[in-house]
1. Going through region 176-271, which GluC sites (Glu not before Pro) have at most 15 other Cβ atoms within 10 Å and a DSSP loop state?
2. For LYS253 and VAL90 in one chain, what is 0.36 nm times their gap in residues minus the Cα-Cα distance, to one decimal in nm?
3. Estimate the FRET efficiency between ARG228 and SER59 by the formula 1/(1 + (r/R0)^6), using the beta-carbon distance for r and 22 Å for R0, to the nearest 0.05.
4. Tally the DSSP beta bridges in region 59-361 and give the antiparallel ones as a percent, rounded to 5.
5. So for region 59-361, considering every pair of alpha-carbon atoms, how many percent are separated by more than 24 Å?
6. If you stretched the chain out fully between GLU352 and GLN241, how much longer would it get, using 0.36 nm times the residue separation minus the C-alpha to C-alpha distance?
7. Separation of region 330-357 and region 90-150 by C-alpha centroid, Å?
Amino acid sequence: VTPTSGALHPNFRRPRSSRISIADIPRVYFFLAMMFRSRLVLCTVLTLLAACVRGRGSSCHDKDTRRSTAKVVKEMPFLGLFDDLREQSVFEGSDIVRVRGKYYVVFDSSYSIGYLDDRFQFRDPANQLIGGKGQNDSQFEGIAYVPEDDTFLLLHESQEHEGGYKPFVTTARLSKDGKEYERLSKCVVDFELTHENKGFEGMAYVKNSKGAFLLGLCEGNFCEGGRRGRKSGNGRIIILQLDTDDNGCRWVKKDVLDIPKEANFIDYSAMAIDYNLGRIAILSQENAAFWVADFDIESLDFVGTGSIVHLPRNEHCEIVYCNAEGIQWIDAYRVIVVSDRAKATQPYHCDEHDQSVHIFGLPGAASKASPAIDWE
């Protein structure tokens, strides 16, 4: 339109009508049909790809993996087990030991020792928190029982000592009423750590004809942190004996036991020994699996290659037991596992099973018909 006359400009072209004529209908129908068909094909392809990734194409649906996956028997958050929480709401489960058919648990977030009846029922009065009150950073990473003098050994992962970092072990005895415990001694472990946060993560007390020993499980491969500590299949157990003199007490290194490479784990979070059967279970938090093998108590050495048992995963083959930190034998067919608190950096689905106790049934290949030791 010209600004003066309002007439159409000579170069103006009238736009084509936006309305569809009868003659255009077949072409539009064909275009829509092809677009719908293409999207349908694309959706079908994407669905099939997802099925391959999440279904039979995934490692979870591999026959060998399914045959080596543990079965959930029962589980309960620690928050539901204790009637009296002793002013605590966080239970970072670290380790568990079996004594006379009952279970004792230590927490990284508390100085309390959890006592659990073998029924694992909600707010069962038999379940108690022994000693401690409120949330405190205990650094308890392991617990073992000494039947000769009815005491417990409580493992501190790493503490500063003489310019470096070393594990420590506290010896404790329960009161007669079982509601408190007394700390009898605290002894340094004569083993220098390369990293403050990569110390001992588990331990076991054993006794044979040569004496009494404490087996300390290093968290990192090669007993180190950093990149080298994550080089799978190089786990180490430090064999220790207690030495006392006028200067105090210390656990002295006697030998280093290489964990077989079949336990191909990024880290090692706990171990348990079945005395009657002569078997050992070594747990990995990052791999969400444990390795089961024969173990000779007399020679303190592994027998055979053992087998891997996977903790259950979800329908997408994702790790959901992300914080498994402690393990103990119930019998030849079942183990009990305790979980730490999920980290803020972990996926949301890790929260579902954290701070809990879990009972798993072993797959047939990993179980043997013999009861676990029951200290009397």
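1. Within region 176-271, the qualifying GluC sites (Glu not before Pro) (loop, at most 15 other Cβ atoms within 10 Å) are GLU180, GLU192, GLU196, GLU262.
2. Full extension of this stretch gives 55.2 nm more.
3. The calculated FRET efficiency here is 0.25.
4. 95
5. Numbers: 22329 of 45753 pairs.
When all Cα pairs of region 59-361 are counted, 49 percent exceed 24 Å.
6. Numbers: separation 111, 0.36 × 111 = 39.96 nm, distance 3.96 nm.
Difference between extended and current length: 36.0 nm.
7. Value for the Cα centre distance between the two parts: 15 Å.
Every number in this text was worked out from the coordinates using simple rules, so none of it is lab data. None of the values given here were measured: they were computed from a predicted structure. For neighbour counting, all protein chains shown are included, and Cβ atoms are generated from backbone atoms with ideal geometry for every residue, glycine included.
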